[in-house]
Amino acid sequence: MKAILAENNLDVSGEFWKERIERITPDEVERALSEQPGLYRLEKLAALVAPAAEDYLEQMARLSQKLTVRRFGKTIRLYAPLYLSNYCVNCCLYCGFNCEHKFNRVRLSVEQAVAEAGIIASEGFRDILLVSSEDRQFITVKYLAELAAKLRAKFSSISIEVYQMDTTQYGELFKAGIDGVTLYQETYDRDAYRCCHLHGPKCDYDNRLATPGYAAAAGMRQIGLGVLLGLKDWRVETLALAEHAHSLMKHYWQCHISFSFPRLRPAFGTSYGESQYRVTDRNLVQMITALRLCFADAGLVLSTREPAWLRDKLIKLGVTKMSAGSRTNPGGYSGQTKTVGQFEIDDRRSPSEVSGMLRRQGFEPVWKDWDAAFQIP
Amino acid sequence: MDKLIIAGREFGSRLLIGTGKFASCDIMAEAIEKSGAQIVTVALRRVDIKNENDDMLRVIDRSKYLLLPNTSGARDAAEAVRLAKMARAASGINWLKLEVTPDPYYLLPDPVETLKAAEILVNDGFVVLPYINADPVLAKKLEEAGTATVMPLASPIGSNQGLKTRSALEIIIEQANVPVVVDAGLGLPSHAADAMEMGADAVLVNTAIATAGNPAAMAEAFQLAVKAGRTAFLARPGASSKYADASSPLTGFLRD
């Protein structure tokens with residue numbers, strides 16, 4: 001993977017691709033749009049994320065919508081994140097959990113996590129994402145396996161978004177019933193990565209890059225990728241993200257890849273503010289539709305970082321999965337703890353309000369799309 | 001229309017219908033009604049087969065329809081068998097659409113694992129309807145293993161491309177001793193009619209109905225197409241030719 005990005009100049013400052021993308025002509029965009037939708041080529045994606053493609057946004061949106069409905073139906077999968085800990089040993093400048101921030105940190109015991117999950121399940125969710133900062137001492141493989149075993153009765157799909165692990169560790173978690181791993185590279189630009197990860201294990205760019213492959217090699221069925229939009233030029237980041245995904249798809253063909261689109265949000269103690277790489281709503285639509293037109297069957301996931309009115313619009317453009325009613329602070333669902341969330345959420349609607357919105361827009365909310373019986377005897 | 005017989009059970013409809021991708025359970029129920037189908041497949045990954053109040057299951061009247069669970073998402077024989085047994089234990093249903101689909105993108109079936117799973121499940125008393133690529137040799141092996149049908153794909157699931165595997169389907173139909181249900185990739189009622197005219201015993205449709213602008217109307221269109229195709233097949237249409245042809249061009253000179 002490292003080699004593929006390097007060969008294509010996608011892990012460096014991006015000037016090569018920035019200039020290339022800016023020179024893309026309307027003819028090249030039209031050629032890209034005339035290709036079979038859903039198949040990936042790096043140059044095709046470059047045309048679709050180029051400034052020249054902005055005049056074709058409506059056409060891209062229509063094609064994206066049509067392709068998504070054909071492959072996924074008129075359905076949107078729903079999931080909820082459960083934050084387990086905000087103790088962290090990493091110093092990441094964009095994150096509320098930065099180890100240098102001073103606030104009352106919380107770790108949930110397995111029993112407390114089960115209680116929080118019970119609240120999530122009572123809202124109808126059957127798909128849960130266990131999230132944690134880099135708290136290896138407490139949120140161990142054993143902890144996660146024990147928690148997964150206890151959650152199986154209520155949840156048909158359990159995935160994790162925690163620190164980097166190796167293939168053996170992911171293998172243990174897979175056997176325990178965890179079927180997916182989400183891990184964002186944050187940024188594929190090595191310099192930018194170094195600048196916003198000051199110390200801690202997460203500083204290791206290459207290990208971070210290789211980790212989704214370790215999860216796939218361990219048998220994980222779902223791998224979620226993403227970049228933190230606003231750290232660097234989103235157009236170049238999208239190309240690197242796509243190359244990463246494409247490489248994983250070719251090597252781990254039984255694994256399903258999803259893309260997420262987290263835009264930088266205000267977070268406790270951070271000062272990213274108005275980034276020079278701010279991603280506008282228009283840019284976000286272009287990124288979502290461009291990726292759909294290159295990856296017909298990838299999941300496209302939208303979190304509650306985005307405002308309600310925008311999520312309501314984006315679901316028609318290619319999104320296949322959303323969170324709802326999220327709390328990004330450990331213990332946030334029960335309100336038993338007072339601590340900081342990872343970032344501020346924007347769509348504060350309850351799950352039932354979100355599912356009502358989906359129905360009104362002609363979508364079936366899908367709470368269950370997996371079964372633990374697939375992988376556990 | 002003549003009856004379709006699968007595992008000794010008679011069905012008046014030769015259209016099977018899938019339940020994925022619909023915008024709502026009510027729309028799905030209406031489409032099933034209009035399709036005239038009597039066999040309805042449900043993905044075990046989507047439904048809670050133990051729960052009678054499951055959103056999808058409660059709108060499928062089991063006194064009217066044969067519910068056919070499918071193992072879509074299973075990556076190998078072990079997973080498919082595990083899922084099948086769990087579903088039977090929970091629901092009492094021993095009919096199964098066997099889908100072993102390790103590729104999450106094109107959802108193409110694994111021939112090796114499908115055969116392995118079919119052998120295990122048939123020996124365990126299941127009525128197995130296996131989803132396969134249009135592979136005539138595999139179809140015969142599954143028939144020998146005791147499956148109730150074979151279900152070769154016309155083109156990949158959800159692609160709506162029609163009978164891309166026509167040549168292989170013709171061979172399977174010619175050689176089969178069990179009903180052949182053409183499954184996956186039928187995008188238009190004319191595709192379904194075409195499959196039936198070729199001699200397929202039935203077709204299964206999901207995406208083309210579920211994602212249509214009017215699923216109920218499209219379901220009805222498929223029902224009519226299947227009937228038309230089967231009727232045409234039974235009527236044995238004459239061979240087509242570009243040229244006018246005397247009725248006895250080579251032997252007409254003979255006199256008794």
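The values are calculated or read from the model by the stated rules, or taken from the named source; none is laboratory data. None of the values given here were measured: they were computed from a predicted structure. Every residue, glycine as well, gets a Cβ built from its backbone with ideal geometry; the counts of neighbours run over all protein chains shown.
Which residue pairs have Cβ atoms under 8 Å apart, sit 6 or more places apart or on different chains, and have a first residue in region B:213-237 that is touching a residue at least 60 places away in the same chain (Cβ under 8 Å) and a second that is among the aromatic types (Phe, Trp, Tyr)?
Final answer for the pair search is B:PRO215/B:PHE22.
If you scan region A:225-244, which residues turn out to be in a strand (DSSP E or B) and buried (at least 23 other Cβ atoms within 10 Å of the Cβ)?
Narrowing region A:225-244 to residues in a strand (DSSP E or B): A:225-227, A:229.
A:VAL227, A:LEU229, listed by residue number.
Can you tell me which of A:SER133, A:SER64, A:SER122, A:SER109 is of a type in the set (Ser, Thr, Tyr), within 26 Å of A:LYS321 (Cβ to Cβ) and without any contact (Cβ under 8 Å) to a residue 12 or more places away in the chain? Break it down stepwise before answering.
Numbers: A:SER133 fails: without any contact (Cβ under 8 Å) to a residue 12 or more places away in the chain; A:SER64 fails: without any contact (Cβ under 8 Å) to a residue 12 or more places away in the chain; A:SER109 fails: within 26 Å of A:LYS321 (Cβ to Cβ).
Answer to the selection: A:SER122.
When only residues in region A:322-371 that are without any contact (Cβ under 8 Å) to a residue 40 or more places away in the chain and away from every other protein chain (no Cβ under 14 Å) count, which is surrounded by the most Cβ atoms within 10 Å (Cβ to Cβ)? Before you say what the answer is, go through the steps one by one.
Initially, region A:322-371 is screened for residues without any contact (Cβ under 8 Å) to a residue 40 or more places away in the chain, giving A:335, A:353, A:356, A:359-360.
Imposing the further condition that a residue be away from every other protein chain (no Cβ under 14 Å) reduces the set to A:335, A:353.
On the way: A:GLY335: 10, A:GLU353: 14.
Among those residues, the one meeting the criterion is A:GLU353.
Filtering region A:13-31 down to residues that are in contact (Cβ under 8 Å) with a residue 40 or more places away in the chain and surrounded by 16 or more Cβ atoms within 10 Å (Cβ to Cβ), which residue is farthest from A:ASP206 (Cα to Cα)? Full working, then the answer.
Keep residues of region A:13-31 that are in contact (Cβ under 8 Å) with a residue 40 or more places away in the chain, which gives A:13-14, A:17-18, A:21.
Of the ones still in play, those that are also surrounded by 16 or more Cβ atoms within 10 Å (Cβ to Cβ) are A:14, A:17, A:21.
Details: A:GLY14: 18, A:TRP17: 21, A:ILE21: 26 Å.
Going through the qualifying residues, I end up with A:ILE21.
Looking only at helices (runs of 4 or more DSSP H) that lie completely in region A:129-223, which have at least 1 residues being closer than 18 Å to A:VAL114 by Cα?
Details: elements: A:141-151, A:167-175, A:190-196, A:205-217.
The helices (runs of 4 or more DSSP H) meeting that bar are A:141-151, A:167-175.
Can you name the residue in region B:140-165 that is among the charged types (D, E, K, R) and part of a helix (DSSP H, G or I) and is also nearest to the other protein chains (Cβ to nearest Cβ) among such residues?
Taking region B:140-165 and keeping what is among the charged types (D, E, K, R), we get B:140-141, B:143-144, B:164.
So of that shortlist, the ones also part of a helix (DSSP H, G or I) come out as B:140-141, B:143-144.
Numbers: B:LYS140: 27, B:LYS141: 23, B:GLU143: 27, B:GLU144: 28 Å.
Taking the candidates together, the pick is B:LYS141.
Being modelled with pLDDT of 95 or more and over 23 Å from A:VAL49 (Cα atoms): is that true of A:SER334 here?
Details: modelled with pLDDT of 95 or more: no; over 23 Å from A:VAL49 (Cα atoms): yes.
It is false that A:SER334 is modelled with pLDDT of 95 or more and over 23 Å from A:VAL49 (Cα atoms).
Within region B:81-126, work out how many residues are facing chain A (nearest Cβ under 9 Å), assigned to a helix (DSSP H, G or I) and not charged (D, E, K, R).
3
Do we have any residue at all in region B:36-52 that's of a type in the set (S, T, N, Q), away from chain A (no Cβ under 13 Å), closer than 28 Å to B:ARG166 by Cα and in a strand (DSSP E or B)?
Filtering region B:36-52 down to residues of a type in the set (S, T, N, Q) leaves B:38, B:41, B:51.
With the extra rule that they be away from chain A (no Cβ under 13 Å), the set shrinks to B:38, B:41.
Next, from what is left, pick out any that are closer than 28 Å to B:ARG166 by Cα: B:38, B:41.
With in a strand (DSSP E or B) added as a condition, the list becomes B:41.
So far as region B:36-52 goes, yes, one or more of its residues are of a type in the set (S, T, N, Q), away from chain A (no Cβ under 13 Å), closer than 28 Å to B:ARG166 by Cα and in a strand (DSSP E or B).
How many residues does region B:55-78 hold that are of a type outside the set (A, V, I, L, M, F, W, C), within 12 Å of chain A (Cβ to nearest Cβ) and surrounded by fewer than 22 Cβ atoms within 10 Å (Cβ to Cβ)?
The number of residues fulfilling the criteria is 3.
Test B:ALA78 against the criterion of being in a helix (DSSP H, G or I) and either within 30 Å of A:LEU248 (Cβ to Cβ) or of a type in the set (Phe, Trp, Tyr) (or both), and give yes or no. Quick ask: steps written out before the conclusion?
Numbers: in a helix (DSSP H, G or I): yes; either within 30 Å of A:LEU248 (Cβ to Cβ) or of a type in the set (Phe, Trp, Tyr) (or both): yes.
The answer is yes for B:ALA78.
Select from region A:288-329 the residues that are part of a loop (DSSP other than H, G, I, E, B) and among the polar types (S, T, N, Q) and list them in ascending order. Explain how you work it out, then say what you get.
Restricting attention to region A:288-329, the residues satisfying the condition of being part of a loop (DSSP other than H, G, I, E, B) are A:295-298, A:303-307, A:315-320, A:324-329.
Answer for region A:288-329, where residues must be part of a loop (DSSP other than H, G, I, E, B) and among the polar types (S, T, N, Q): A:SER303, A:THR304, A:THR320, A:SER326, A:THR328, A:ASN329.
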